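Chemist: Submitted below is the structure of interest, expressed as C-alpha cells.
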Amino acid sequence: MVTDYKRYFEVAKICKSVYGSPVRQDFLSYNGKKMLGQKIIHGSYGRGFCRLFWNDETLVIAFRGTRERVDWWVSNLKMFPVLLKNCDSNSKKINVHRGFQSTLYYIDKTTKLNSFDAVMKHINDLNLFTNRKIVITGHSLGGALATLFSVKLRVNSPTAVKNQLQEIILFGAPAVGLKKFKTFYNELNQKTIRIINGSDVVPFTPPVFYHHIGQELWIRKDEIKENKSWISRLFYALKLPIKNFINDHGMKSYMENLKELK
C-alpha cells in the first residue's frame, strides 16, 4: 500500500470542514493545490450533508458524519440490511445498511431531488467532472455515504470513475454491506483507503454480518498497521482507557495523529 500522510492530512482537514459553516476554500488543498470553489448540498431537515470542493485539477466530494441526534435515528440505527438499489443488474442480491442507503435518498432542501441526484446535479451544472481528478471522502457516517455513493457513481458515470477517480479516503467509517457487497465493490477496493485512529469505536460497527471494503490503515500512537483484523484492533483497544473509544473517533484526533506522520 502506497501511503501519503501529507495528502491524507489535507483530506482529513476537508472532512473536518464539512461539519461547520462555509469556510474559505483557499484554506484547504489537495496535493498542495488550494481549493478554488465549494458548494454545499443539503439533505433531509435542511442539513448540509455533503460539500463539493474543487480547483483546476481536482474535485473532492466530501460527506459529513453524524452531527445531530436526528442523524442517529434516520441513519445510524437503522442497520437492518436491505437490497442495494439503483445499481446494475449484478447488485440484485446484494444487501447494505438500510439507514446509510436511505440517507442518499432523502429529499434535498434546495433542488427537491433525492440527495444522490442533487449531488450529481450540482456536479453537472458546474461542469466539475471535466478535466479533473475525482476524490471521494467522508468521516464516520460520511464514510459510509462516501462508500455507497462511489458504487452508485460507478453506474451513473462509469467513464468518469474509470478515467478520473483518483481515490476514496474514509476516516473512522463503519462497515456498509454484507459479504457480497465487498465483491461487488470490485476494483474500487484498490482505490479505497480506510483510515482508523487508535481505538475508534465506529469501525467496529455494525458488529455482525457486515464486511469492510478497501484497504485499512490503522494509526496507533507508536506504529502503523495495515489490514489488521478487527479482533486485533479490539484487543488493543480493550487494553486502553474506555474513553479512547470515543475520543479517538473525532476528526481533531485523526488530524493530530496524521499531522505527526506527514
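Chemist: Here is a list: I231, I224, I242, I246. Which entry is of a type in the set (V, I, T), open to solvent by 30 Å² or more (accessible area, probe 1.4 Å) and closer than 19 Å to A144 by Cβ?
Modeler: Details: I231 fails: closer than 19 Å to A144 by Cβ; I224 fails: closer than 19 Å to A144 by Cβ; I242 fails: closer than 19 Å to A144 by Cβ.
That would be I246, the only listed residue that is of a type in the set (V, I, T), open to solvent by 30 Å² or more (accessible area, probe 1.4 Å) and closer than 19 Å to A144 by Cβ.
Chemist: Something else about it: Cβ contacts < 6 Å: first residue within 22 Å of T130 (Cβ to Cβ), restricted to the stretch 56-67; second residue in a loop (DSSP other than H, G, I, E, B) and open to solvent by 10 Å² or more (accessible area, probe 1.4 Å), any location; separation 6+ or different chain. Result?
Modeler: So the pair list comes out as T58/R132; L59/R132.
Chemist: Here's another thing I want to ask about it. If K78 satisfies every condition in (1) over 24 Å from I123 (Cα atoms); (2) open to solvent by 10 Å² or more (accessible area, probe 1.4 Å); (3) at pLDDT 80 or above; (4) not β-branched (V, I, T) but one, which is the exception?
Modeler: In the conditions (1) over 24 Å from I123 (Cα atoms); (2) open to solvent by 10 Å² or more (accessible area, probe 1.4 Å); (3) at pLDDT 80 or above; (4) not β-branched (V, I, T), K78 misses (3) alone.
Chemist: Here is a follow-up. Surrounded by 15 or more Cβ atoms within 10 Å (Cβ to Cβ), at pLDDT below 90, in a strand (DSSP E or B) and out of contact with any Asp or Glu (no Cβ under 8 Å at 6 or more places or on another chain), is that true of F53?
Modeler: Numbers: surrounded by 15 or more Cβ atoms within 10 Å (Cβ to Cβ): yes; at pLDDT below 90: no; in a strand (DSSP E or B): yes; out of contact with any Asp or Glu (no Cβ under 8 Å at 6 or more places or on another chain): yes.
So F53 fails the test.
Chemist: Still on this structure, please answer the following. Report, by residue number, each residue of the stretch 1-30 that is farther than 22 Å from L126 by Cα and either aromatic (F, W, Y) or free of Cβ contacts under 8 Å to residues at least 40 places away in the same chain (or both). Full working, then the answer.
Modeler: Keep residues of the stretch 1-30 that are farther than 22 Å from L126 by Cα, which gives 1-10, 12-13, 16, 19-20.
Within the stretch 1-30, V2, D4, Y5, R7, Y8, F9, E10, Y19, G20 meet the criteria.
Chemist: Mind checking which residues of the stretch 123-141 are modelled with pLDDT of 95 or more and in a helix (DSSP H, G or I)?
Modeler: If the condition is that a residue be modelled with pLDDT of 95 or more and in a helix (DSSP H, G or I), then I123, N124, D125 are the ones that fit.
Chemist: What helices (runs of 4 or more DSSP H) lie completely within the stretch 143-262 and have 2 or more residues being over 28 Å from S17 (Cβ atoms)? Spell out the reasoning first.
Modeler: On the way: elements: 158-164, 179-185, 230-238, 244-247, 251-261.
Counting at least 2 such residues, we get 158-164, 179-185, 230-238.
Chemist: Which of the following residues is surrounded by 13 or more Cβ atoms within 10 Å (Cβ to Cβ) and over 18 Å from the mean Cα position of the chain (by Cα): A237, A173? Can you show your working first?
Modeler: Working: A173 fails: over 18 Å from the mean Cα position of the chain (by Cα).
That would be A237, the only listed residue that is surrounded by 13 or more Cβ atoms within 10 Å (Cβ to Cβ) and over 18 Å from the mean Cα position of the chain (by Cα).
Chemist: Right, something else. Within the group K152, K133, which residue is open to solvent by 10 Å² or more (accessible area, probe 1.4 Å) and out of contact with any Leu (no Cβ under 6 Å at 6 or more places or on another chain)?
Modeler: Details: K152 fails: open to solvent by 10 Å² or more (accessible area, probe 1.4 Å).
Answer to the selection: K133.
Chemist: Please name all residue pairs, on different chains or six or more residues apart, with Cβ atoms under 6 Å, provided the first residue is in the stretch 114-134 and is within 19 Å of F49 (Cα to Cα) and free of Cβ contacts under 8 Å to residues at least 12 places away in the same chain and the second residue is open to solvent by less than 20 Å² (accessible area, probe 1.4 Å) and part of a strand (DSSP E or B).
Modeler: That search, which allows pairs on different chains as well, returns nothing.
Chemist: Sticking with this one: I need a count of the residues in the stretch 7-32 that are part of a strand (DSSP E or B) and not small (G, A, S).
Modeler: Counting residues in the stretch 7-32 that are part of a strand (DSSP E or B) and not small (G, A, S) gives 1.
Chemist: Would you check which residues across the stretch 82-98 are closer than 20 Å to L141 by Cβ and buried (at least 21 other Cβ atoms within 10 Å of the Cβ) and list them? Lay out the reasoning, then the answer.
Modeler: Of all residues in the stretch 82-98, those closer than 20 Å to L141 by Cβ come to 82, 84-86, 95-98.
Within the stretch 82-98, L84, V96, H97 meet the criteria.
Chemist: A further question follows. Could you figure out which of (1) among the β-branched types (V, I, T); (2) farther than 21 Å from T3 by Cα; (3) more than 16 Å from the chain's Cα centre (by Cα); (4) buried (at least 16 other Cβ atoms within 10 Å of the Cβ) isn't true of V208?
Modeler: Unmet condition: (4).
The values are calculated or read from the model by the stated rules, or taken from the named source; none is laboratory data. What you see is a predicted model; the values in this text were computed from it and never measured. As a convention, Cβ positions derive from the backbone with ideal geometry for all residues, glycine included, and neighbour counts pool all protein chains shown. All accessible areas refer to the heavy atoms of the entire protein, side chains included, with ligands and DNA or RNA removed. Shrake-Rupley method; radii C 1.70, N 1.55, O 1.52, S 1.80 Å.
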